[in-house]
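> Here it is, the structure in full.
The values are calculated or read from the model by the stated rules, or taken from the named source; none is laboratory data. As the structure is a computational prediction, the values presented were derived from the model and not from experiment. Quick reminder, even Gly has a Cβ in these numbers, built from the backbone with ideal geometry, and neighbours come from all protein chains shown. The protein model used for the area step is the full one, side chains on, heavy atoms only, and it has no ligands, DNA or RNA in it. Shrake-Rupley method; radii C 1.70, N 1.55, O 1.52, S 1.80 Å.
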Amino acid sequence: MLREILDVFQDDPSSQRRWFHDDYFDLFVRQTDDELVAFELCYSIHSNERALVWTRGQGYYHDGETSDGEFIGARLAPGDPLEADPIIARFELAAGGLPEMLRVALMARLREYALQDAEGFARRARFRRADWQSGEEQDPKQGRG
């Protein structure tokens, strides 16, 4: 079950940055009061980490190695239900405790991505986190991310 990490660095007063974590996923979201603005769903975080990234107005990209076929939407055939994808099914279970607005918006974005882009696209072959996503303390003069 995804649990929220509190005290996440906030760098934009027009939206809130949030971080949710479990043993397989890290979910980073940016939201306004009632709308998802962006997300980064990192998965397989202890082995071959990958991420699906979406930003309103910019669309999707997949970060990390995809040649092994183990990425979001890869196993969906035309007509399959979304839950036939093992990563999406695992996320749906893990997301049960998320605020309803986020859970509904994220599942809609995952559905949209998986059904339009099942082959995936890797912007970078090797996944890299932003500094603020490490959870490590940084020099307050430099900020986090």
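> Return the residues of segment 1-16 that are in contact (Cβ under 8 Å) with a residue 40 or more places away in the chain, charged (D, E, K, R) and either crowded, with 19+ Cβ neighbours inside 10 Å or not in a loop (DSSP other than H, G, I, E, B) (or both); say none if nothing qualifies.
Residue satisfying the conditions is Arg3 alone.
> For segment 53-73, what are the residues that are touching a Leu at 6+ places or on another chain (Cβ under 9 Å) and open to solvent by 80 Å² or more (accessible area, probe 1.4 Å)?
Result: Arg56, single match.
> Here's a follow-up. Check whether at least one residue in segment 81-104 is among the β-branched types (Val, Ile, Thr) and without any contact (Cβ under 8 Å) to a residue 12 or more places away in the chain, and report yes or no.
Yes, segment 81-104 contains at least one residue that is among the β-branched types (Val, Ile, Thr) and without any contact (Cβ under 8 Å) to a residue 12 or more places away in the chain.
> A follow-up question, please. Quick check on segment 74-86. Is at least one of its residues within 29 Å of Ser15 (Cα to Cα) and open to solvent by less than 80 Å² (accessible area, probe 1.4 Å)?
no
> Being of a type outside the set (A, V, I, L, M) and buried (at least 16 other Cβ atoms within 10 Å of the Cβ) is the filter; apply it to segment 91-108 and report the residue that is nearest to Phe25 (Cα to Cα).
Result: Phe91.
> Show the residue pairs meeting these rules: Cβ distance below 6 Å; 6+ apart or different chains; first residue within segment 26-37 and surrounded by fewer than 19 Cβ atoms within 10 Å (Cβ to Cβ) and at pLDDT 95 or above; second residue part of a loop (DSSP other than H, G, I, E, B) and of a type in the set (D, E, K, R).
Val37/Arg56
> Looking at this structure, is Ala89 small (Gly, Ala, Ser), modelled with pLDDT under 90 and not in a strand (DSSP E or B)?
In short, no.
> What single numbered condition from (1) assigned to a strand (DSSP E or B); (2) farther than 20 Å from Glu4 by Cα fails to hold for Gly57?
(1)
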